[in-house]
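The values are calculated or read from the model by the stated rules, or taken from the named source; none is laboratory data. Values in this document were obtained by computation on a predicted structure and should not be read as measured data. Please note: Cβ atoms are built from the backbone with ideal geometry, for glycine as well, and neighbour counts cover all protein chains shown. Accessible surface is based on the protein model in full, side chains and every heavy atom, while ligands, DNA and RNA are left aside. Shrake-Rupley method; radii C 1.70, N 1.55, O 1.52, S 1.80 Å.
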Amino acid sequence: MAKSSKFYVVWKGKTPGIYNNWKSCKSQVDGFLGASYKSFPTMKEAERALRDGPQYKSTTGGARVSKKVFDYSTVVEKNSICVDAACAGNPGAMEYRGVITLSKVEIFHFGPMKLGTNNIGEFLAIVHALAMFKSKGNVDSSIYTDSRTAMSWVRKKKANTKLFEKHSNPELKVLISRAEVWLKQNTFKNRIIKWDTKNWGEIPADFGRK
């Protein structure tokens, strides 16, 4: 059975109104201090909620997503980028990207390619960023990621994935091997920092596919 649609009411955001997908809603509330929003299962109820305001109480059990959006610009390092990966399935089509943390301007994007995982994508994204900084002589910029697993793999200079025990993807295997070799042959001073999703919201590099 196909997943039912949701309608997102934005009471406080860049442009208040009703949006029919999470990506559009997210673009209105992401980084907006004091944002208020909520999802509803029908357009009719969303219209009532928009009219009545945040105090509206759902009668159909729509999932509540309303929350205060934290202004992460006050706590993150100004000279930093953040990375994220997306995967359609586990494993599935995988891609990753890096953006400037405060402006969200994309500076690199790889994929999608078949049969990867989120952790592999995050690992490759971090190494991609490190290699990019190294080539430019940039030792000051930090990298944010929301994957503790990928951070651990970078520290150990080894992607501890079991993907290839069940699946064949020679192209991805080459990319991982190349990243591992780079980590073993290079040093870096750039900090790799865990993004605090619980308190700061989604990482700016998020692909917005919730």
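Numbers for the structure displayed
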item: Hits in region 1-21 - residues which are part of a strand (DSSP E or B) and hydroxyl-bearing (Ser, Thr, Tyr); result: 8, 19
item: Meets criteria (on the phi < 0 side of the Ramachandran plot, modelled with pLDDT under 85 and surrounded by fewer than 21 Cβ atoms within 10 Å (Cβ to Cβ)) for residue 4; result: yes
item: Filtered residues of region 149-161 (kept if in a helix (DSSP H, G or I) and surrounded by fewer than 21 Cβ atoms within 10 Å (Cβ to Cβ)); result: 149, 151, 152, 155, 156
item: Within region 78-128, considering residues that are among the polar types (S, T, N, Q) and touching a Pro at 6+ places or on another chain (Cβ under 6 Å), the one farthest from residue 190 (Cα to Cα); result: 117
item: Scan of region 108-148 for residues that are crowded, with 22+ Cβ neighbours inside 10 Å and assigned to a strand (DSSP E or B), ordered by number; result: 116, 143, 144, 145
item: Hits in region 88-107 (condition: open to solvent by 30 Å² or more (accessible area, probe 1.4 Å), in contact with a Ser or Thr (Cβ under 8 Å, 6 or more places away or on another chain) and over 20 Å from residue 72 (Cβ atoms)); result: 90, 91
item: Members of region 84-107 found to be closer than 25 Å to residue 133 by Cβ and either over 12 Å from the mean Cα position of the chain (by Cα) or outside any strand (DSSP E or B) (or both), listed by number; result: 94, 100, 101, 102, 103, 104, 105, 106, 107
item: Hits in region 29-48 (condition: open to solvent by 60 Å² or more (accessible area, probe 1.4 Å) and under 12 Å from residue 16 (Cβ atoms)); result: 32
item: Per-region count, region 169-192, residues within 18 Å of residue 111 (Cβ to Cβ) and touching a residue at least 12 places away in the same chain (Cβ under 8 Å); result: 6
item: Answer from 200, 153 - the residue that is modelled with pLDDT under 95 and within 21 Å of the chain's Cα centre (by Cα); result: 200
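Each row is one residue, and each column tells you yes or no for (1) at pLDDT below 80; (2) in a strand (DSSP E or B); (3) among the polar types (S, T, N, Q).
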{"position": "23", "(1), (2), (3)": "no, no, no"}
{"position": "32", "(1), (2), (3)": "yes, no, no"}
{"position": "38", "(1), (2), (3)": "no, yes, no"}
{"position": "46", "(1), (2), (3)": "no, no, no"}
{"position": "50", "(1), (2), (3)": "no, no, no"}
{"position": "62", "(1), (2), (3)": "yes, no, no"}
{"position": "65", "(1), (2), (3)": "yes, no, no"}
{"position": "70", "(1), (2), (3)": "yes, no, no"}
{"position": "82", "(1), (2), (3)": "no, yes, no"}
